[in-house]
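Throughout, read-outs are computed from the coordinates displayed, never taken from laboratory work. For clarity, every value in this text was computed on a predicted model and none was experimentally measured. Cβ sites come from the backbone with ideal geometry, for glycine too, and all protein chains shown count toward neighbours.
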Ligand SMILES: Cc1cc2nc3c(=O)[nH]c(=O)nc-3n(C[C@H](O)[C@H](O)[C@H](O)COP(=O)(O)OP(=O)(O)OC[C@H]3O[C@@H](n4cnc5c(N)ncnc54)[C@H](O)[C@@H]3O)c2cc1C
């Protein structure tokens, strides 16, 4: 038996779900978790709808690292950054210079928010929220303030916009696309969502972007490409995430958009696995909760010596915009097809079919969200 533990780098949903699933299958296997952050367990999706309901960072934290270590019977090292992987030697290098040996290694490194390169002396004041510490910074920055500008009207940008508006802030939502959720909704769906968000006071600035951000007397002054000037107390960027691949790439592990793994979540290096926002599973980067749950279950079985390929069913995503109920199940972007859209009965039902008329995806808004289960049952699996 390998005397070294299974080492998991990362204490997000991917790291903890893999650890929990593995502990269920094997109560004795030695496990160790290394995390650059506090390593407490919390639900990240909650961060974009916590303000209006008054949930503070302390309330969102479910369990700290010590409690998790007790629950999962594993050694957890918070505030410990891994700076290099040495897969040939089955070793990782910590920022302190110490090295640790592993039997098998799980990379659950997450993703970094993409930053827009901006001109102006206020550019460094831009915030983004991709973890609980970021949320704490946002929460503090908002105290006593009123005006917020959000860059990016994708899932996270729309959710924060709705939450901030519901919490009483005045919100500007800025996007290069002509509609919110441009990659997930056909134009009629985008217009419906926009309408609902405008009805709660959100101001859209579409088909434009921020060029400059300067510090003014008591706020930030944003200049958009279309010439519009916006005063904001807080600016939040939500323009997307990039899988954290640098550690793997430097170690010679194959990287494409994410860390490349097969359906067993194996990299090409023996005993090195990856899952979650950092991973690319057979060409797919799926930075959502449901894929992580399925991947973690498969990986745990594989690590417990029953090699188990990951299977993904259809995995709809509920958009947390209470002003406009919405659920999307996007089709693979590479498959040609067409939307058919019905509006009425206070909702929009958009179905995406391929050229042979097979249903591949959908977007449901308002009352049409009631059809979610029935339509999901008709969708093919994302990865059979
Ligand atoms: C605001 C928000 C709302 C969301 N809402 C939804 C939703 O409603 N539905 C949905 O399906 N998905 C949602 N998502 C996406 C979902 O939350 C993520 O896909 C998921 O949480 C990612 O988990 P992860 O463990 O892969 O990454 P992370 O949670 O980012 O964890 C990465 C971990 O790796 C550690 N780490 C990184 N580098 C190092 C290093 N060098 N050394 C040591 N440790 C390191 C980090 O400290 C961290 O602990 C949302 C995301 C956000 C940001």
Let me check against my output: what whole-number percent is the relative contact order of the chain, with C-alpha pairs under 8 Å and at least 6 apart?
16
Dividing the convex hull volume of the alpha carbon atoms of region 325-376 by its residue count, what do you get in Å³ per residue?
64
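When a/c is below 1.5 the answer is rounded, else prolate if a/b is larger than b/c, else oblate, so apply that to region 149-227 with a ≥ b ≥ c taken from the square roots of the Cα gyration tensor eigenvalues.
Note, shape of region 149-227 comes out oblate.
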Which semi-axis lengths, in whole Å and largest first, follow from the square roots of five times the eigenvalues of the Cα gyration tensor of region 124-262?
28, 20, 15
How tilted is helix 155-166 with respect to the longest principal axis of the chain? Cα atoms for both, answer in degrees (0 to 90, nearest 10).
60
Between the Cα axis of helix 132-142 and the main Cα principal axis of the chain, the angle (0 to 90°, nearest 10) is 30
Extent of the chain along each principal axis, from alpha carbon coordinates, in Å, largest to smallest?
63, 57, 35
Expressed as a rounded percentage, what relative contact order does region 325-376 have, with Cα pairs under 8 Å and six or more residues apart?
39
Which whole-number percent gives the relative contact order of region 1-154, counting Cα pairs below 8 Å spaced six or more residues apart?
28
If packing is taken as the mean number of other Cβ atoms within 10 Å per residue, what is the order of 200-208, 29-37, highest first?
29-37, 200-208
At R0 = 22 Å, how high is the FRET efficiency between residue 225 and residue 191 if r is their beta carbon distance? Nearest 0.05 is fine.
0.50
Here, residue 136 and residue 216, labelled 7 Å along Cα→Cβ, have an inter-label distance in nm of 3.2
Return, ordered by residue number, the residues of region 232-268 whose backbone nitrogen is under 19 Å from a label point located 7 Å along Cα→Cβ of residue 99.
247-253
Folded to 0 to 90 degrees: helix 289-303 orientation relative to the chain principal axis, Cα:
10
What is the distance in Å between the Cα centres of region 274-321 and region 141-157?
30
Three-way shape call for region 237-319 based on the alpha-carbon gyration tensor, with the a/c threshold at 1.5:
oblate
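State, to one decimal in nm², a quarter of the convex hull surface area for the C-alpha atoms of region 82-131, i.e. the direction-averaged projected area.
That works out to 5.6 nm².
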